[in-house]
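Student: Right, I'll just put the structure down here and ask away after.
Every number in this text was worked out from the coordinates using simple rules, so none of it is lab data. What you see is a predicted model, and the numbers here were worked out from it, not measured in a lab. Here the Cβ positions follow ideal geometry from the backbone for every residue, glycine too, while neighbour counts run over all protein chains shown.
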Amino acid sequence: MFKFKELYDNYKSEMAFGLALLCLVVLSFGLASRIPLDFYIESLNPILNGSIAAVSLFGAWLMLRHHNGIHVRILWAGILLVWGILATLLLTHLVAYNLPISSEESISLRGRELIIGNVYAWLLLRYPVSVLRPGWQNIRRALGDLLPVAVISAVHELFPVDLRWLLAIWPITWVVVLVFHISKYRRWCEENYSSMDLIDAQWIVRYIIMLVITGVAYICMSFSYNASHAFTVQWLTLLMLVYSTEQILYRQDPWNLLRRAKAAKAAMEEDETGDVDPDLMSGEYKATLEQWMATEKPYLNPEFRLVDLREVLPLNRTYLSQLINSAYGCNFYQFVTNYRIEEAKRLMREKPDMKMHDIAEQCGFSSPVVFSRIFTRETGMSPSEWSQNNT
């Protein structure tokens, strides 16, 4: 069952990131209010749209060049490509035809611009949907997600309905669905990988936070179109595209890593029987695993994965996960974390002069910050405090 407290405990830094970004948006609304609307429409707006188009098209080229067969990079390249084309078309209209983006009789965005905003939201939602619900999204379902936008468009054309309220309903629904999948995604990662930083479920939370804040800013702009609101939405969009491209380009896709292991796994499963002796699960296999962990210390590798246990245990991923859960009462991530913390304690006892960043690196933690956070959470004291009390 989804628990908001669990989400908060696991993603405190991401919540702080969202709060800081929200404060920055509010500050931008205030400071940018001095920008004259005419100056924004004639000069600043084309410059920002041109920047968004350039960043999107360059990012798409970069992703396609370095996708390495990773699905989410190819997907993000497609998103950037479509976004870049749309931004280029809008820029062409702004420069060549002086296209108005607000109605003459009001300060609100026109209905068609609100529909375009929903299309942009649909594009940005493709990435988290693909990460949090792998295999669910296909072309038919993705296009089906545009059905609410088509309905809104038809309502706008046929009836005098204020679309500003309808604008928020569809994206908010999807964001709520994705938030409920975050905990499930994190648990899946913990059952298969020994380092959250290689997968970084926190990045998905940051992405959704940026998406929500950008959407709220867009809705504010739809109610009151002025230079301050429009300027804020555009620099937010630019920031999100740049930051997301950098993060996706340098992050691993856990589902892709697992798919690569499926070929070897399938070949091995052909020779396996359907059932495994429970005594072996808790006895012989457990002894074999503990001996291997003690002698080879595979947990010192930050990229240590559940499927790597098959080096000594002839089991598929499901049985390996069952072995860890039944024999040790925890998932794979916690199982490996316990070994890494014990190794860190050993080094601190035997080598009290050793630097904490060296201990973190040698014990398989991705960074000293991660080491300190996990060690403090598991022992109730920081590494330096523990070292002072036990050496």
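Student: Simple spin-label model, 7 Å along Cα-to-Cβ: Glu290 to Ser382 in nm?
Tutor: Between Glu290 and Ser382, the simple spin-label model gives 3.5 nm.
Student: How much FRET efficiency would the formula 1/(1 + (r/R0)^6) give for Val242 and Gln322, where r is the Cβ-Cβ distance and R0 is 35 Å, rounded to 0.05?
Tutor: 0.20
Student: With a 10 Å radius around each residue's Cβ, average the other Cβ atoms per peptide and rank 377-389, 47-59, highest first.
Tutor: The most tightly packed comes first, giving 47-59, 377-389.
Student: Now for a different question. With r as the distance between the Cβ atoms of Cys330 and Asp38 and R0 = 45 Å, compute the FRET efficiency 1/(1 + (r/R0)^6) and round to 0.05.
Tutor: 0.10
Student: Can you give me the Cα centroid spacing of the range 331-387 and the range 65-80 in angstrom?
Tutor: Answer, in whole Å: 35.
Student: Still on this structure, please answer the following. Say R0 is 56 Å: what FRET efficiency, to the nearest 0.05, do Phe180 and Gln362 get from their beta-carbon distance?
Tutor: With R0 = 56 Å, the Cβ-Cβ based efficiency is 0.90.
Student: Here is a further query. Using only alpha-carbon positions, what ratio does the radius of gyration of the range 15-88 give when scaled by 2.2 N^0.38 Å?
Tutor: Relative to the 2.2 N^0.38 Å estimate, the range 15-88 comes out at 1.46.
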